[in-house]
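K.L.:
The structure that follows is given in the form of structure tokens.
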Amino acid sequence: MAKWPISGGDGMSQDERRAYWESEHADHDYEGVFSISQDEGVIGPCVDAITRRGCRRVIVAGCGSNVALQQAIAERVPQVVSVTGVDFPRVVEVAARRTDDPRIGYVGADIAVDGCGVSGDCVITINSVLSDLDEENRALLRRFREALPEGGLLAGFFATIFTPLELGYLQPDRRMLDQVNLEECRFAEEQQGITQIFYTPLRLRAVLREAGFGLTRMEVVFFDSPELADHARAYYRLGDDPDVMAWELFVEAVAQ
Ligand SMILES: C[S@@+](CC[C@H](N)C(=O)[O-])C[C@H]1O[C@@H](n2cnc3c(N)ncnc32)[C@H](O)[C@@H]1O
């Protein structure tokens, strides 16, 4: 029995979920999604964690079609010998077309069902554990764990429901609060037309522990680069207050 399970879900089958993401990346060029993995504020902490932990074989799980992170890892971390992006098949087809570094490869898979298809000593994940189905998120994390040896690193960015909650209270019209279901950790994405789970910190810590990871770091990262701040203000219609921006949790955890 999972600890603090979240019931319900969007009712999508796993095939529908795959089709949704493949369409977002392959047919819509990922334009309808709040995208962060190209930003130095996101790349920097990941590169730093991989460097510090001496990881050589890196898996980018739920890599999407944007290749900036994979390229930065291959170019900036001298000891890295391979970077494998894993995502649904049509998504990695797009990413593979955008990469020519021989150290960077791709695996097309439903990670929750098939696993990552490769093993490594580090899994990086950026906003990819946010299915509306709690059990899928937990399955993804178990699959990440299976791809790592004991002591391997999981690092990445996780959205938390406290971000839209805070932004909602700071908005003059508090419109965003209508998109927040705090008890279920659910956020209704207006532009994507779907609902996603954004875990609270304690719940995420417990979900990670159940999947076999010991949390070593969880810190707030404000997306305050001009590009990401503008992107968030436009995407979430946040107005023009420069103190308003999106933020997420940067997490490092060790496979136990
Ligand atoms: C919000 S997007 C983030 C993409 C990328 N990490 C980025 O930051 O640009 C979530 C990604 O997770 C992938 N994903 C979600 N569930 C998955 C699963 N079960 N197997 C493989 N990929 C999955 C989606 O296809 C999508 O590319």
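The values are calculated or read from the model by the stated rules, or taken from the named source; none is laboratory data. Source: prediction; values computed, not measured. In this analysis, Cβ positions are derived from the backbone assuming ideal geometry, glycine residues included, and neighbour counts consider all displayed protein chains.
K.L.:
Test G8 against the criterion of being away from the ligand (no atom under 11 Å from the Cβ), under 22 Å from A232 (Cβ atoms) and in contact with a strand residue (DSSP E or B) (Cβ under 9 Å, 6 or more places away or on another chain), and give yes or no. Please lay out each step first, then the result.
P.N.:
Details: away from the ligand (no atom under 11 Å from the Cβ): yes; under 22 Å from A232 (Cβ atoms): no; in contact with a strand residue (DSSP E or B) (Cβ under 9 Å, 6 or more places away or on another chain): yes.
No.
K.L.:
So is S82 closer than 30 Å to W4 by Cβ and of a type in the set (S, T, Y) or not?
P.N.:
no
K.L.:
I would also like to ask the following. Within the stretch 71-112, take every residue that is of a type in the set (K, R) and within 16 Å of the ligand (Cβ to nearest atom) and give me the one that is nearest to the chain's Cα centre (by Cα).
P.N.:
Of the stretch 71-112, the ones of a type in the set (K, R) are 76, 90, 97-98, 103.
Now restrict to residues that are within 16 Å of the ligand (Cβ to nearest atom): 90, 97-98.
On the way: R90: 18, R97: 22, R98: 20 Å.
In this case the residue turns out to be R90.
K.L.:
Of these, R186, R237, R233, R174, which one is of a type in the set (K, R), more than 23 Å from C46 (Cβ to Cβ) and touching a Ser or Thr at 6+ places or on another chain (Cβ under 7 Å)? Steps first, please.
P.N.:
Values: R237 fails: touching a Ser or Thr at 6+ places or on another chain (Cβ under 7 Å); R233 fails: touching a Ser or Thr at 6+ places or on another chain (Cβ under 7 Å); R174 fails: touching a Ser or Thr at 6+ places or on another chain (Cβ under 7 Å).
One residue alone meets the criteria, R186.
K.L.:
To continue, here is another question. Which of the residues belonging to the stretch 44-70 are touching a Ser or Thr at 6+ places or on another chain (Cβ under 7 Å), farther than 13 Å from F157 by Cβ and either away from the ligand (no atom under 15 Å from the Cβ) or without any contact (Cβ under 8 Å) to a residue 60 or more places away in the chain (or both)?
P.N.:
Residues satisfying the conditions are R57, N66, V67, A68, Q70.
K.L.:
Condition test on A211, is it without any contact (Cβ under 8 Å) to a residue 40 or more places away in the chain, surrounded by 12 or more Cβ atoms within 10 Å (Cβ to Cβ), among the aliphatic types (A, V, I, L, M) and under 23 Å from C46 (Cβ atoms)? Step through it out loud before you land on a result.
P.N.:
Details: without any contact (Cβ under 8 Å) to a residue 40 or more places away in the chain: no; surrounded by 12 or more Cβ atoms within 10 Å (Cβ to Cβ): yes; among the aliphatic types (A, V, I, L, M): yes; under 23 Å from C46 (Cβ atoms): yes.
No, not satisfied.
K.L.:
Among A19, A26, A61, A68, which is surrounded by fewer than 20 Cβ atoms within 10 Å (Cβ to Cβ), closer than 24 Å to R142 by Cα and of a type in the set (A, V, I, L, M)?
P.N.:
Values: A26 fails: closer than 24 Å to R142 by Cα; A61 fails: surrounded by fewer than 20 Cβ atoms within 10 Å (Cβ to Cβ); A68 fails: closer than 24 Å to R142 by Cα.
So the residue among A19, A26, A61, A68 that is surrounded by fewer than 20 Cβ atoms within 10 Å (Cβ to Cβ), closer than 24 Å to R142 by Cα and of a type in the set (A, V, I, L, M) is A19.
K.L.:
With closer than 25 Å to E93 by Cβ, at pLDDT 95 or above, loosely packed, with under 15 Cβ neighbours inside 10 Å and of a type in the set (A, V, I, L, M, F, W, C) as the only criterion, which of V129, V113, V123 stands out?
P.N.:
Values: V129 fails: loosely packed, with under 15 Cβ neighbours inside 10 Å; V123 fails: loosely packed, with under 15 Cβ neighbours inside 10 Å.
V113 is the lone residue from the list that is closer than 25 Å to E93 by Cβ, at pLDDT 95 or above, loosely packed, with under 15 Cβ neighbours inside 10 Å and of a type in the set (A, V, I, L, M, F, W, C).
K.L.:
Ok, one more. Test A155 against the stated conditions and say whether it is crowded, with 16+ Cβ neighbours inside 10 Å, over 22 Å from W4 (Cβ atoms), in contact with a strand residue (DSSP E or B) (Cβ under 7 Å, 6 or more places away or on another chain) and not β-branched (V, I, T). Show your work before the answer.
P.N.:
On the way: crowded, with 16+ Cβ neighbours inside 10 Å: yes; over 22 Å from W4 (Cβ atoms): yes; in contact with a strand residue (DSSP E or B) (Cβ under 7 Å, 6 or more places away or on another chain): yes; not β-branched (V, I, T): yes.
Yes: the conditions hold for A155.
K.L.:
Please find, within the stretch 13-43, the residue that is modelled with the highest pLDDT out of those that are acidic (D, E), in a helix (DSSP H, G or I) and near the ligand (Cβ under 10 Å from one of its atoms). Don't jump to the end; show me each part of the working.
P.N.:
Filtering the stretch 13-43 for residues acidic (D, E) gives 15-16, 22, 24, 27, 29, 31, 39-40.
From what's left, in a helix (DSSP H, G or I): 15-16, 22, 24, 27, 40.
Of the ones still in play, those that are also near the ligand (Cβ under 10 Å from one of its atoms) are 22, 24.
Working: E22: 93, E24: 90.
The residue in question is E22.
K.L.:
Follow-up. Taking the condition of being without any contact (Cβ under 8 Å) to a residue 60 or more places away in the chain and either out of contact with any Cys (no Cβ under 8 Å at 6 or more places or on another chain) or more than 23 Å from A109 (Cα to Cα) (or both), how many residues in the stretch 143-163 meet it?
P.N.:
Of the residues in that region, 2 qualify.
K.L.:
Let me ask you something else. Can you work out which of the residues in the stretch 134-151 that are farther than 16 Å from A255 by Cα and more than 10 Å from the ligand (Cβ to nearest atom) is surrounded by the most Cβ atoms within 10 Å (Cβ to Cβ)?
P.N.:
Residues of the stretch 134-151 that are farther than 16 Å from A255 by Cα, as a first pass: 134-137.
With more than 10 Å from the ligand (Cβ to nearest atom) added as a condition, the list becomes 134-135.
Details: D134: 22, E135: 14.
Here the answer is D134.
K.L.:
Right, next: Can you tell me which residues in the stretch 184-193 are closer than 20 Å to W247 by Cα and surrounded by fewer than 18 Cβ atoms within 10 Å (Cβ to Cβ)? Step through it out loud before you land on a result.
P.N.:
Of all residues in the stretch 184-193, those closer than 20 Å to W247 by Cα come to 184-192.
Matches in the stretch 184-193: E184, A188, E190, Q191, Q192.
K.L.:
Turning to a different aspect of this structure: Residues of the stretch 165-174 being in contact (Cβ under 8 Å) with a residue 40 or more places away in the chain and either surrounded by fewer than 22 Cβ atoms within 10 Å (Cβ to Cβ) or of a type in the set (V, I, T) (or both), which ones?
P.N.:
Initial filter on the stretch 165-174 (in contact (Cβ under 8 Å) with a residue 40 or more places away in the chain): 167, 170-172.
Within the stretch 165-174, L170, Q171, P172 qualify.
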